[in-house]
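Everything on this sheet refers to the single structure shown next.
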Amino acid sequence: MAALGKIRSRGVILICVVGFALFAFIAEELFRSCNSISNENRQQIGEVLGNKINVQDYQKLVDEYSNVVKISQGRDNLTDEELNQVKDMVWNNFIQFEIISAEADKLGLTVTDEELQNILNQGTNPMLLQTPFVNPQTGLFDANLLKNFLADYKKASSTRDSQYREQYQNLYIYWTFIEKSLLQQLLIQKYQTLLGACILSNPISAKMAYDNENQESNIELAAFPYSSINDKEVKYSESDIKAKYEELKKGFLQPEETRSIKYVDVKVTPSQADRKALDKDVSEYLQTLAASDNPAEIVRQSGSLITFLGIPQTKAAFPSDISTRLDSVNVGGVYGPVENKQDNTINIIKLISKSQLPDSVQFRAIQVMAETPEAAAKSADSIYTALRSGADFETVAKNYGQTGESNWITSSQYQNSPTMDADTKTYIDALNNLGVNEIKNVQLTQGNIVIQVLDRTGLTTKYVAAVIKKPIDFSKDTYSQAYNKFSEFVSKSQSLSDLEKNAEKSGYQVRELSDIQNTAHYISGIHGTRDALKWLFSAKENEISPLYECGDNDHLLVIALTGVNKKGYRSLDDDYVKNFVKDAVIRDKKADILLSKVSGVKDMKAAEKDSAKISQVEQITFSAPVFVQTTGASEPALSGAVSATPKGKFSSSAVKGNAGVYLFKVDSKSMRDVKYDEKDYEQRTKQTALQYASGFSQDLYLKANVKDNRYLFF
């Protein structure tokens, strides 16, 4: 009871303590929850139709498509530009499919397994014709070849041959990508077909289209160019500007937020001292390479951009400036040094050999591994002897857990490798030099491989060439001097006015860029500007950026954010919009002046007296805007007016065009000698209507409220 009394006496304190503890617990959970949501949001790369796109999911799609490109082109890697193209293509395809599939769901459109199978059986889809499952006899996709591959893939997944298993795995990944893409393509085609079925044509519209396209008029034209009136003579008010803006406002819709900047970019270049040092090094490389029988180490030490593989390669393996010189160099001879200004390098070539070899080789192989190289060699000798004595290749291969099936290898699959070990060289040399049906036991470091060549195609000239392609680069001292000067300039230029003033003093040029989107991969085409792009879309107007070292480690950059162009309709405060509207107002005022001037003109003589520029214009049709040479403009309104005016008649009223006011007399009208095909023109009319309706995709995109934040991650 005493303890209970103490508790009661301290009840208020106890309640406060417990309440605080509960608050702390709830606050902690709330903090964890908010932190979790914040972390999740940081992983969102974008959004479409309210659905967030996770960066990992997007990266998987990029990796998937990148691997497909590498497999289809037989390459190990992609350039930065190619990878950017892949990223954009993956994003655009993903967004398009998400939007279309959402619309298809509303309509109940799907692609069934039966429809997909029908496409596979037909074998004519362009996507299928790019796969390895094309029957060489029919030139069509062969579903049976695919079925056989899928069956072999299951068997290959359990084989001990890692290289063999990897080949099948890569091809399987390639096929699953094609299958997924095909399903998406079919759904999009279904939706587009349904849309197309909503647009009809008829014989009347077909005949009008025929007449509009084939009825030609020849005219005598009187042109009164707007340029004949000085802009200073035109009077207009601010209300005219505002009224014209409202008239043209729809044309100023900006779907995405953009940025406008002024910037200073300095590219660091080699000094005269740098060039002298390089010339000395190159002279030494030339002498050493000419005297050496083993150029690999010399090429490596030179820092050449081209690795010496020591195998025969086609011209396609070399840069164009090198490949065009190969035939002009004698075997054993040296060419160079020669400068290539396009890639800023200095080059030396030593041609070691030149031979006629197959571009593609069909072969089969049995890999022989054992606990020791001696044991592997003994087993390989037994296999080689058995095969030479007539044993069935596939049967022998199966005894060693392999299929022994044939494969093709092409020059492009290996000749662009960044490096190549001795075993690979030995292997490739054997494949290149064996005759058809010839068998060879090839000894490698870790074992043996018994190969048989089955076919050789595409005999071509191959070269073993040592190439020193040395960048004409600047030294660390040169870069340091350029950096220090630019850094001092940036530190003194913390406002736009200072930036422009100090740039002129320092010998730098201030450039401008408008409407930069966050989907841009580079600023002003300069590599390595991702950090600058991230700064740009988080900075405030008139803010000056830090100094950025970018490019290929050869650019120095500073940016001033001059404008934030918000999503929506751009206002009259925007310089571009205001100038555009002002020009339109001036053009309208000039048109009014000229229309008033020619209101009483009834023939060409009177027009000529009023200083019109007279010319003959022929073959005018309603379907194509006429180009007027005297004003240098395309004039659709004139085409319509001419088509509506009978032969021999003077224009009933002046035509207000893009670059002037026009009067005309129709000298003649005739029909082109083109046969009228009603069905053909109905189809053409429908296709034209479909093209006009294609704007629906942009409307769907805008309604999907797509957010693209990839610049924050890539």
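The values are calculated or read from the model by the stated rules, or taken from the named source; none is laboratory data. Note that this is a predicted model, so its numbers are computed, not measured. Positions of Cβ are generated from backbone atoms using ideal geometry, with glycine treated the same way; all protein chains shown enter the neighbour counts. These accessible areas exclude ligands, DNA and RNA; they are computed on the full protein's heavy atoms, side chains included. Shrake-Rupley method; radii C 1.70, N 1.55, O 1.52, S 1.80 Å.
Consider segment 405-427 and keep the residues that are more than 20 Å from Ile439 (Cβ to Cβ) and either touching a helix residue (DSSP H, G or I) at 6+ places or on another chain (Cβ under 9 Å) or of a type in the set (A, V, I, L, M) (or both). The one that is most open to solvent (accessible area, probe 1.4 Å) is Asn416.
Residue count for segment 598-625 under the criterion of being surrounded by 17 or more Cβ atoms within 10 Å (Cβ to Cβ), charged (D, E, K, R) and either in a helix (DSSP H, G or I) or touching a Lys or Arg at 6+ places or on another chain (Cβ under 7 Å) (or both): the result is 0.
Filtered by the rule that a residue be aliphatic (A, V, I, L, M) and free of Cβ contacts under 8 Å to residues at least 60 places away in the same chain, segment 224-254 gives a lone residue, Ala243.
Can you find even one residue in segment 680-690 that is open to solvent by 60 Å² or more (accessible area, probe 1.4 Å), out of contact with any helix residue (DSSP H, G or I) (no Cβ under 7 Å at 6 or more places or on another chain) and either part of a loop (DSSP other than H, G, I, E, B) or among the small types (Gly, Ala, Ser) (or both)? Within segment 680-690, not a single residue is open to solvent by 60 Å² or more (accessible area, probe 1.4 Å), out of contact with any helix residue (DSSP H, G or I) (no Cβ under 7 Å at 6 or more places or on another chain) and either part of a loop (DSSP other than H, G, I, E, B) or among the small types (Gly, Ala, Ser) (or both).
Is it true that Lys589 is part of a helix (DSSP H, G or I) and of a type in the set (D, E, K, R)? When the stated conditions are applied, Lys589 passes them. Looking at this structure, is Phe141 touching a strand residue (DSSP E or B) at 6+ places or on another chain (Cβ under 6 Å), among the aromatic types (Phe, Trp, Tyr) and free of Cβ contacts under 8 Å to residues at least 40 places away in the same chain? Yes.
Condition (residue is in a loop (DSSP other than H, G, I, E, B) and charged (D, E, K, R)) applied to segment 695-710: is it met by at least one residue? For segment 695-710, residues in a loop (DSSP other than H, G, I, E, B) and charged (D, E, K, R): absent.
Taking the criterion of being of a type in the set (D, E, K, R), open to solvent by 90 Å² or more (accessible area, probe 1.4 Å) and not in a loop (DSSP other than H, G, I, E, B), the residues of segment 368-399 that qualify are Glu374, Lys378, Arg388, Lys398. Taken as a whole, the condition of being touching a helix residue (DSSP H, G or I) at 6+ places or on another chain (Cβ under 8 Å), over 30 Å from Phe318 (Cα atoms), surrounded by fewer than 19 Cβ atoms within 10 Å (Cβ to Cβ) and at pLDDT below 90 does not apply to Gln402.
When Asp554, Asp574, Asp531 are checked against the criterion of being within 19 Å of Val490 (Cα to Cα), touching a helix residue (DSSP H, G or I) at 6+ places or on another chain (Cβ under 9 Å) and among the acidic types (Asp, Glu), a single residue qualifies: Asp554. Only one of the numbered conditions (1) farther than 30 Å from Gln616 by Cα; (2) modelled with pLDDT of 95 or more; (3) open to solvent by 40 Å² or more (accessible area, probe 1.4 Å) is not met by Tyr245, and that is (3). Being closer than 27 Å to Leu357 by Cα and of a type in the set (S, T, N, Q) is a description that does not apply to Gln402. Suppose we filter segment 550-578 for residues that are open to solvent by 90 Å² or more (accessible area, probe 1.4 Å), among the polar types (S, T, N, Q) and at negative phi; how many remain? Final tally of qualifying residues: 0.
Of all residues in segment 482-511, those that are over 15 Å from Ser545 (Cα atoms) and free of Cβ contacts under 8 Å to residues at least 24 places away in the same chain have Cβ atoms under 8 Å from Cβ atoms of residues that are open to solvent by 50 Å² or more (accessible area, probe 1.4 Å) and of a type outside the set (A, V, I, L, M), 6 or more apart or on another chain, in Asn502/Lys492; Ser506/Lys485.
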